[in-house]
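Peer 1: Sharing a structure here in structure tokens format.
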Amino acid sequence: MIHCYIDRLLHYKYICTQIFSVLKVFKNFNDYSSQKPLALSLGMFDGVHLGHKCIIDELIKVGAENNLETAILTFWPHPRFVFNPNEDLKLLNTLEEKTVLMEKYGINNLFLKEFDEEFRNLTGEEFVRQILIDKLNVKYLIIGYDHSFGKNKSGNFELLQTLSKELDFDVEQMEAINIHENNVSSTKIRNALLAGKIKEANEMLGYFYSVSGTVTHGKKIGRTIGYPTANISTESIKLLPQKGAYIVEVFVKGQQYKGMLSVGTNPTVNGESLTVEVYILDFNEDIYDEKIMVKFRDHLHEEIKFESLEKLIERLDEDKRLTEEFNF
């Protein structure tokens with residue numbers, strides 16, 4: 001069990017009020033105005049994992065103690081798309097997923113800043129003065145243990161400590177969150193997913209990794225062997241786990257089902273394109289064009305090219321048995 005060492009009783013009432021509050025999202029700093037100053041943290045928050053959750057809990061605690069609204073300042077799209085436009089970067093969250101998590105965790109304001117040329121040329125000090133203080137009225141700033149910002153990474157905790165005295169704000173640097181003596185990070189979660197280590201990734205996230213998309217028409221080979229699948233069209237920036245088979249929870253039309261999902265190219269039938277297909281247990285409905293979500297619970301096996309359809313069916317039968325017996 002991981003604890004953020006926050007005073008639960010002190011801000012219990014505040015958290016309860018947050019559950020019923022609506023997250024306000026801003027894509028332009030000039031659209032923001034509030035009577036209350038902010039307790040704010042900044043960064044990509046990709047995955048909104050346990051380390052990020054600890055920062056959010058601390059923001060809520062500070063907000064309760066000092067009558068401040070809470071805020072996250074993040075960037076969309078990811079700055080790495082600007083610095084390395086040819087990099088095939090995949091993210092743990094779509095923008096919708098990140099927004100939902102921020103609201104679920106009780107944040108009041110979410111600033112989505114485009115990482116444009118003007119913004120990327122701000123030094124760390126200019127960013128603090130012009131954005132955090134002048135535009136957003138930040139009174140309490142929390143950053144992660146390894147966070148830097150501004151042109152040439154000129155902004156860091158030491159700079160913030162110096163400026164805080166002059167500009168009258170408090171600053172706090174959070175320590176890393178460790179699981180099994182390893183720091184939690186978005187990069188480590190991506191690597192775990194790409195290695196098929198679903199349980200490890202979920203442990204660092206603090207929730208079950210999910211993928212959403214619209215059900216589209218496929219080659220319909222599955223129905224000819226007794227395993228009809230729903231093909232899920234996912235967002236191109238969303239990270240998919242390692243090719244292979246997984247036990248998943250499936251959410252469709254407001255209902256929850258057990259499912260076995262394949263990420264891969266269907267090599268047994270000479271497939272070429274990467275697909276995400278889910279066989280939903282105890283389900284027989286037409287859901288084309290429906291939006292569904294799957295939550296990854298366990299890894300069954302890596303992608304296999306079987307010597308025949310009969311061998312494929314044998315493996316599917318075994319995967320189904322394991323899925324039925326899995327304790328959801």
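The values are calculated or read from the model by the stated rules, or taken from the named source; none is laboratory data. Computed from a prediction, not measured in an experiment: that's the story for all the values here. Cβ coordinates were reconstructed from backbone atoms using ideal geometry, including for glycine residues, and neighbour counts include every protein chain displayed. Just the protein is used for accessible areas: all its heavy atoms, side chains included, with ligands, DNA and RNA removed. Shrake-Rupley method; radii C 1.70, N 1.55, O 1.52, S 1.80 Å.
Peer 1: Scan 82, 48, 100 and give me the residue that is at pLDDT 95 or above and assigned to a helix (DSSP H, G or I).
Peer 2: 100
Peer 1: Give 98, 151 a once-over and let me know the one that is basic (Lys, Arg) and open to solvent by 30 Å² or more (accessible area, probe 1.4 Å).
Peer 2: 151
Peer 1: Looking at 113, 53 in this structure, which one is out of contact with any Cys (no Cβ under 7 Å at 6 or more places or on another chain), within 16 Å of residue 144 (Cα to Cα) and of a type in the set (Lys, Arg)?
Peer 2: One residue alone meets the criteria, 53.
Peer 1: Can you name every residue in the stretch 312-328 that is farther than 28 Å from residue 202 by Cα and either modelled with pLDDT under 95 or open to solvent by less than 60 Å² (accessible area, probe 1.4 Å) (or both)?
Peer 2: Within the stretch 312-328, 312, 313 meet the criteria.
Peer 1: Scanning the stretch 85-95 for residues that are at pLDDT 95 or above and among the polar types (S, T, N, Q), which turns out surrounded by the most Cβ atoms within 10 Å (Cβ to Cβ)?
Peer 2: Out of the qualifying residues, it is 93.
Peer 1: Which residue is nearest to the chain's Cα centre (by Cα), if the candidates are limited to the stretch 280-306 and must be among the aromatic types (Phe, Trp, Tyr) and open to solvent by 30 Å² or more (accessible area, probe 1.4 Å)?
Peer 2: Among them, the one singled out is 288.
Peer 1: In the stretch 2-40, what residues are touching a Gly at 6+ places or on another chain (Cβ under 8 Å) and at pLDDT 85 or above?
Peer 2: 39
Peer 1: Considering only the stretch 103-125, how many residues are crowded, with 19+ Cβ neighbours inside 10 Å and either assigned to a loop (DSSP other than H, G, I, E, B) or among the aromatic types (Phe, Trp, Tyr) (or both)?
Peer 2: Counting residues in the stretch 103-125 that are crowded, with 19+ Cβ neighbours inside 10 Å and either assigned to a loop (DSSP other than H, G, I, E, B) or among the aromatic types (Phe, Trp, Tyr) (or both) gives 5.
Peer 1: Which residue is most open to solvent (accessible area, probe 1.4 Å), if the candidates are limited to the stretch 267-279 and must be in a loop (DSSP other than H, G, I, E, B) and on the phi < 0 side of the Ramachandran plot?
Peer 2: 272
Peer 1: Could I ask something else about it? Any residue in the stretch 170-190 that is open to solvent by 50 Å² or more (accessible area, probe 1.4 Å), modelled with pLDDT of 95 or more, basic (Lys, Arg) and under 30 Å from residue 270 (Cα atoms)?
Peer 2: No, the stretch 170-190 contains no residue that is open to solvent by 50 Å² or more (accessible area, probe 1.4 Å), modelled with pLDDT of 95 or more, basic (Lys, Arg) and under 30 Å from residue 270 (Cα atoms).
Peer 1: Cβ-Cβ under 9 Å, sequence separation 6+ or interchain: first residue in the stretch 145-166 and among the acidic types (Asp, Glu), partner outside any loop (DSSP other than H, G, I, E, B). Which pairs?
Peer 2: 146/183
Peer 1: While we're on this one: Within the stretch 238-247, identify whether any single residue is over 22 Å from the mean Cα position of the chain (by Cα) and not hydroxyl-bearing (Ser, Thr, Tyr), and answer yes or no.
Peer 2: no
Peer 1: Return yes or no: is residue 309 open to solvent by 10 Å² or more (accessible area, probe 1.4 Å), among the hydrophobic types (A, V, I, L, M, F, W, C) and at pLDDT below 95?
Peer 2: So residue 309 fits the description; yes.
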